[in-house]
Amino acid sequence: MNSIYFTEEHELFRKSLKDFLQKEVVPHIEKWEKTGTIERFIWKKFGEMGFFGINYPEVYGGLNLDLFYSVVFLEELQKIKSGGFAAAMWAHAYLAMTHLNAEGSEKIKQDYLAPSILGEKIGALCVSEPFGGSDVAGMRTTAIKNGDKYIINGSKTFITNGVYADYYIVAAKSSPDKGNKGISIFLVDTNLKGVSATKLDKLGWRASDTAEIAFDNVEIAAENLMGEEGKGFPYIMQHFAFERLIMAVNAHASAEFAIEYTIDYMANREAFGTTINKFQALRHTMADHATEVEHCKIFNYAAVARLNKGEYVVKEATMAKLKSTKVADDTIYSCLQMLGGYGYMEEYPLARLLRDSRLGPIGGGTSEILREILAKMIIDNQNYTPAVK
């Protein structure tokens, strides 16, 4: 069934990526999980291999490939026992860089997108705030124009790559009196006066760097405005569809990895004179989870295929993230249970997988917010439309 979406070239890319991850990343994962810092050299190796440029134009050093290469990239990152490492990579490649490519000026693309593709610069997307995560329109950070500059004040939180980053893509209110119609997007270098980042201590995603960012009278040039002033909210909403599909793919891939690992464990673990994969209660539980994960995967692939053709799939992406992250949570919980006491031990992957999976129903819009978005679309016939270019 997967051959509908994946060609031989996709599978060759998958093999190449797997080999790269095993050789260059896996030997360092435990150190990065313990220190909470991913060393800079690996970003450059990803860049050298072209992994950050999969979907981006060749003129900036990208490969201009279809979205199913990105699906392969995301799936394989979920199978090396570190949701945090995966998050750092895809937050750079698909959150920050998506805005650079879509709204950045030619100068911004040359100065930031091209080196981001090479892994020479690291980006972070700054939308969530201490007083409003999923409530994007309720943000309080301001960017007030003063001559040929904007002055940014406020704070952002839960920012993946917040300390690693060389630049931020910042959403701020350039016209605070206009509500969500007054939000704009800006590029901010992290070394500017008045910018500070504080690392946050998290339950999971330990290898990734999540920070709270403060902006204290930060001056940026007016040319750092990305896209049109006041269009920030529709820009963010437009890209949320891709972000939610990314998190849906992450979820089905991590759940699939948990199932594969657990089935292998069950085939070797003995109890009462036989391997535990012979016990009906356990067999049927795994069959149920495998069925749900496969349903999610096929739905996710179908949504990606539509997005790849340029369709606006906000409803399908929202459904995909809502369902897939819930299924992954339930699946990984059960898989840990199958390992018994060993599932609770850090030397086995399920403990970390369980912690990492809990971010799924929270990041990129909580499940509660996603249900309300879907209710508005399904019950109230609300229609979300792309930003007008």
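The values are calculated or read from the model by the stated rules, or taken from the named source; none is laboratory data. Since the structure is predicted, the reported quantities are computational estimates derived from the model, not experimental observations. Positions of Cβ are generated from backbone atoms using ideal geometry, with glycine treated the same way; all protein chains shown enter the neighbour counts. With ligands, DNA and RNA removed, areas are computed over all heavy atoms of the protein, side chains included. Shrake-Rupley method; radii C 1.70, N 1.55, O 1.52, S 1.80 Å.
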Around Lys79: net Lys/Arg minus Asp/Glu count, Cβ-Cβ under 12 Å: -1
What whole number of Å gives the distance from the Cα centroid of segment 110-124 to the Cα centroid of segment 260-292? 45
Using alpha-carbon pairs under 8 Å, 6+ residues apart, how would you state the relative contact order of the chain in percent? 15
What trypsin sites (Lys or Arg not before Pro) does segment 106-206 have in DSSP loop regions with at most 13 other beta carbons within 10 Å? Lys193
Per residue solvent-accessible surface (Å²) - the chain, probe of 1.4 Å: 45
Quick one: divide the alpha-carbon radius of gyration of the chain by 2.2 N^0.38 Å and tell me what you get. 0.99
Work out the FRET efficiency for Glu11 and Thr385 from their Cβ-Cβ distance, taking R0 = 35 Å, and round it to the nearest 0.05. 0.45
Around Tyr60, under 11 Å between beta carbons, what's the net of Lys plus Arg minus Asp minus Glu among the other residues? -2
Using protein chains only and a probe of 1.4 angstrom, how many square angstrom of Ile362 are accessible, to the nearest 10? 90
Where chymotrypsin sites (Phe, Trp or Tyr not before Pro) fall in DSSP loop in segment 65-173, at most 12 other Cβ within 10 Å: Phe131
A 1.4 Å probe over the protein heavy atoms gives segment 128-191 a carbon and sulfur accessible-area percentage of 46
DSSP bridge orientation in the chain - percent antiparallel, rounded to nearest 5: 85
Check each of the trypsin sites (Lys or Arg not before Pro) in segment 214-313 and keep only those in coil by DSSP with at most 14 other C-beta atoms within 10 angstrom; list them in order. Lys309
Carbon/sulfur fraction of accessible area - segment 231-389, other protein chains in place, 1.4 Å, %: 56
Under a Gaussian network model of the chain whose springs join Cα atoms within less than 10 Å, the largest fluctuation of Phe186, Phe279, Phe240 belongs to Phe279
Round to a whole number: what % of the accessible area of segment 1-120 belongs to carbon and sulfur, probe 1.4 Å? 54
